[in-house]
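Peer 1: Questions regarding the structure given below will be posed in turn.
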Amino acid sequence: MTMTVDTLPRSIYIEPTSRCNEFCQQCPRTLLSREDDRDLTFENFLSIVEQFPVLERVVLHGLGEPLLNKDLPRMVRYLKDRGTYVLFNSNGIALTEARGQALIDAGLDEYRLSMDGSTRETYAQVRGVDAFDKIWRNVGAFIKLQQAQDASKPAVSLWFTAMRENLHELPGLVNLADVHGVREIYLQRLVYFEEGLAASKQALFHRSSPEELAIIRQAEERCKEHGILFKAAGAATPLQSVIRDFGERPWSGCQRPYNLTYITSSGNVLSCCFAPFGHRSAKEYREERVLGNIFQESIEQIWHGERYNEFRRAFESDSPARHCAQCGVNWSY
């Protein structure tokens with residue numbers, strides 16, 4: 001069934017930078033071809049967002065670390081002045097007191113900490129840098145800074161990518177979150193493309209052993225004891241997220257081709273945040289994943305253009321783009 005797309009999306013991803021200060025062993029930025037490192041200037045940011053008449057929600061992250069862009073708080077402030085809900089994921093390394101205060105002052109709604117281990121050793125193995133202790137110092141200080149000012153925003157949550165490599169540390173991570181004042185934890189399924197730790201043998205989806213499911217249940221019970229919300233990315237519980245069945249066309253329940261778009265720091269427009277995963281070359285990335293460039297054409301032209309419509313027609317068929325065909329299996333919408 002073909003869906004019509006009459007209006008521009010009201011929810012978008014914008015990548016403030018493609019630079020990063022980590023070398024995660026499950027990330028396409030580390031393991032696959034990618035765009036050149038660059039920061040999005042504030043002027044280019046304005047040229048993007050001013051093309052969208054209504055923006056209800058903007059996610060200010062992509063493959064880079066958002067806090068490396070010095071103009072990030074200014075971007076947040078501009079969006080908040082427009083009445084937009086604003087959030088981003090971050091590794092926390094650059095969350096200094098000054099940056100933290102700037103984000104509070106700007107009105108950021110959510111700060112999502114990516115944390116893939118409860119020990120220094122596992123964190124370094126997964127994320128490629130020895131920054132575990134520094135990150136927790138930064139996060140703890142940031143939450144205390146908020147509490148001292150009675151600042152309810154941003155809501156700070158912890159996002160854990162579950163793998164066989166690190167799942168055993170999830171219950172311990174609940175304890176760390178509690179000690180530092182983090183009141184929400186999200187379990188994310190591994191996005192895999194058979195490089196580094198991003199391998200199917202690391203994935204828990206439809207592969208979880210009884211012992212691994214027991215660890216998730218243990219973390220759930222520990223969260224209840226500490227009064228911490230325990231959720232999964234998407235509309236499932238943590239347990240459901242690793243056992244649910246998406247059917248024969250696992251991508252078909254996704255609505256992103258019709259209501260969301262993702263814009264990189266170079267202006268390339270992609271269908272969603274999973275589009276950078278799984279390509280093996282820059283040529284493949286450009287030919288299949290890039291639907292236009294917002295610095296060369298307007299978003300109106302791109303969103304209603306033939307390339308986007310061709311992508312949607314393929315999505316509605318039994319032969320969608322490769323990154324869509326894997327959705328619901330390798331990762332989850």
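Peer 1: Identify all residues within the stretch 301-333 that are among the polar types (S, T, N, Q) and within 22 Å of the chain's Cα centre (by Cα); write none if there are none.
Peer 2: Taking the stretch 301-333 and keeping what is among the polar types (S, T, N, Q), we get 301, 309, 317, 319, 326, 330, 332.
Correct list: 326, 330, 332.
Peer 1: May I pose another question? Test residue 137 against the stated conditions and say whether it is open to solvent by 50 Å² or more (accessible area, probe 1.4 Å) and under 22 Å from residue 93 (Cα atoms).
Peer 2: On the way: open to solvent by 50 Å² or more (accessible area, probe 1.4 Å): yes; under 22 Å from residue 93 (Cα atoms): yes.
Yes: the conditions hold for residue 137.
Peer 1: Quick one: how many residues across the stretch 63-93 are touching a residue at least 40 places away in the same chain (Cβ under 8 Å) and either out of contact with any Leu (no Cβ under 9 Å at 6 or more places or on another chain) or open to solvent by 10 Å² or more (accessible area, probe 1.4 Å) (or both)?
Peer 2: 7
Peer 1: The conditions are (1) open to solvent by less than 40 Å² (accessible area, probe 1.4 Å); (2) over 30 Å from residue 178 (Cβ atoms), and residue 38 fails exactly one of them. Which is it?
Peer 2: (1)
Peer 1: Scan 125, 101 and give me the residue that is in contact (Cβ under 8 Å) with a residue 60 or more places away in the chain and of a type in the set (S, T, N, Q). Outline the logic, then answer.
Peer 2: Numbers: 101 fails: in contact (Cβ under 8 Å) with a residue 60 or more places away in the chain.
The unique qualifying residue is 125.
Peer 1: Something else: Just give me the residues in the stretch 293-333 being among the hydrophobic types (A, V, I, L, M, F, W, C), open to solvent by 20 Å² or more (accessible area, probe 1.4 Å) and in contact (Cβ under 8 Å) with a residue 60 or more places away in the chain, in sequence order.
Peer 2: Answer for the stretch 293-333, where residues must be among the hydrophobic types (A, V, I, L, M, F, W, C), open to solvent by 20 Å² or more (accessible area, probe 1.4 Å) and in contact (Cβ under 8 Å) with a residue 60 or more places away in the chain: 295, 325, 329.
Peer 1: Just for the stretch 1-35: of the residues that are part of a helix (DSSP H, G or I) and touching a strand residue (DSSP E or B) at 6+ places or on another chain (Cβ under 9 Å), which one is surrounded by the most Cβ atoms within 10 Å (Cβ to Cβ)? If you could, list the steps in order and put the result at the bottom.
Peer 2: Of all residues in the stretch 1-35, those part of a helix (DSSP H, G or I) come to 28-31.
Keeping just the survivors that are touching a strand residue (DSSP E or B) at 6+ places or on another chain (Cβ under 9 Å) gives 28, 30-31.
Numbers: 28: 22, 30: 19, 31: 18.
Looking at the filtered set, the residue picked out is 28.
Peer 1: Is it the case, given these coordinates, that residue 50 is within 22 Å of residue 255 (Cβ to Cβ), acidic (Asp, Glu) and open to solvent by 30 Å² or more (accessible area, probe 1.4 Å)?
Peer 2: Here the answer is no, as residue 50 does not meet what is asked.
Peer 1: May I ask you to list the residues in the stretch 157-166 that are crowded, with 20+ Cβ neighbours inside 10 Å and either touching a Pro at 6+ places or on another chain (Cβ under 6 Å) or not in a loop (DSSP other than H, G, I, E, B) (or both)?
Peer 2: Residues satisfying the conditions are 157, 158, 160, 161, 162.
Peer 1: Residue by residue through the stretch 95-128, note down the ones that are touching an Asp or Glu at 6+ places or on another chain (Cβ under 7 Å), buried (at least 17 other Cβ atoms within 10 Å of the Cβ) and among the aliphatic types (A, V, I, L, M).
Peer 2: 126 - this is the single residue of the stretch 95-128 that is touching an Asp or Glu at 6+ places or on another chain (Cβ under 7 Å), buried (at least 17 other Cβ atoms within 10 Å of the Cβ) and among the aliphatic types (A, V, I, L, M).
Peer 1: Considering only residues that are farther than 17 Å from residue 319 by Cα and either without any contact (Cβ under 8 Å) to a residue 40 or more places away in the chain or basic (Lys, Arg) (or both), which ones fall in the stretch 232-255?
Peer 2: Taking the stretch 232-255 and keeping what is farther than 17 Å from residue 319 by Cα, we get 232-245.
If the condition is that a residue be farther than 17 Å from residue 319 by Cα and either without any contact (Cβ under 8 Å) to a residue 40 or more places away in the chain or basic (Lys, Arg) (or both), then 235, 237, 239, 240, 243, 244, 245 are the ones that fit.
The values are calculated or read from the model by the stated rules, or taken from the named source; none is laboratory data. A quick note: this is a predicted structure, and the numbers were derived from the prediction, not measured. Note: ideal-geometry Cβ built from the backbone for every residue, glycine included; neighbour counts use all protein chains shown. The area values use the complete protein model at the heavy-atom level, side chains included, leaving out ligands, DNA and RNA. Shrake-Rupley method; radii C 1.70, N 1.55, O 1.52, S 1.80 Å.
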